[in-house]
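A.B. asks: Questions regarding the structure given below will be posed in turn.
The values are calculated or read from the model by the stated rules, or taken from the named source; none is laboratory data. Everything quoted here is computed from the prediction, not taken from an experiment. Note that we place each Cβ from the backbone using ideal geometry, even for glycine, and neighbour counts take in every protein chain shown.
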Amino acid sequence: MKVQDLTRDTFKELVSDIDGRAVIDFWGPQCAPCLALAPTYHDLAEEYGTLRFFRLEAPKNRMLCVDLRVMSLPTFLCLDNGREVGRLDGDITDSDLATWIREQSEPDREEARLG
């Protein structure tokens with residue numbers, strides 16, 4: 001499986017300490033937009049092998065969300081060597097997500113924000 005589940009306990013081990021870029025999907029089981037975007041996110045994980053893909057259930061990991069300033073769902077973060085370089089949140093379409101993920105996979109991309 002290309003998308004790994006995260007918790008507060010596994011965040012540092014799996015995301016903060018990796019070399020390269022990681023994308024995290026912050027989602028909730030009661031968030032209809034989150035659930036609607038999930039299939040696209042999983043498809044993109046298969047397509048963009050240069051990125052590491054994770055998902056984190058926000059309601060079960062509130063303190064980590066606060067630490068990362070994730071205040072709404074859905075939110076997607078891109079980290080490069082543990083440092084945030086991109087954020088996508090708000091009213092997100094499948095097309096928005098695909099475009100944003102493509103931008104995050106570009107090695108020369110310093111920062112991409114939408115939403």
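A.B. asks: Which count do you get for residues in region 29-46 that are crowded, with 17+ Cβ neighbours inside 10 Å and either of a type in the set (K, R) or in contact with a strand residue (DSSP E or B) (Cβ under 8 Å, 6 or more places away or on another chain) (or both)?
C.D. replies: Qualifying residue count, region 29-46: 5.
A.B. asks: Right, next: From the list R113, R83, R102, R109, which one is surrounded by 14 or more Cβ atoms within 10 Å (Cβ to Cβ) and either at pLDDT below 95 or under 12 Å from R21 (Cβ atoms) (or both)?
C.D. replies: Result of the check over R113, R83, R102, R109: R109.
A.B. asks: Inspect all residues belonging to region 49-65 and state whether any of them is under 16 Å from L88 (Cβ atoms) and in a helix (DSSP H, G or I).
C.D. replies: Yes, the conditions are met somewhere in region 49-65.
A.B. asks: Test K60 against the criterion of being over 18 Å from R102 (Cβ atoms), among the charged types (D, E, K, R), modelled with pLDDT of 95 or more and exposed (fewer than 13 other Cβ atoms within 10 Å of the Cβ), and give yes or no.
C.D. replies: It is true that K60 is over 18 Å from R102 (Cβ atoms), among the charged types (D, E, K, R), modelled with pLDDT of 95 or more and exposed (fewer than 13 other Cβ atoms within 10 Å of the Cβ).
A.B. asks: Anything in region 28-48 that is under 13 Å from P74 (Cβ atoms) and not in a helix (DSSP H, G or I)? List them, or say none.
C.D. replies: Correct list: G28, P29, Q30, C31.
A.B. asks: If you take the residues in region 8-27 that are over 13 Å from the mean Cα position of the chain (by Cα) and outside any helix (DSSP H, G or I), which one is surrounded by the most Cβ atoms within 10 Å (Cβ to Cβ)?
C.D. replies: I18
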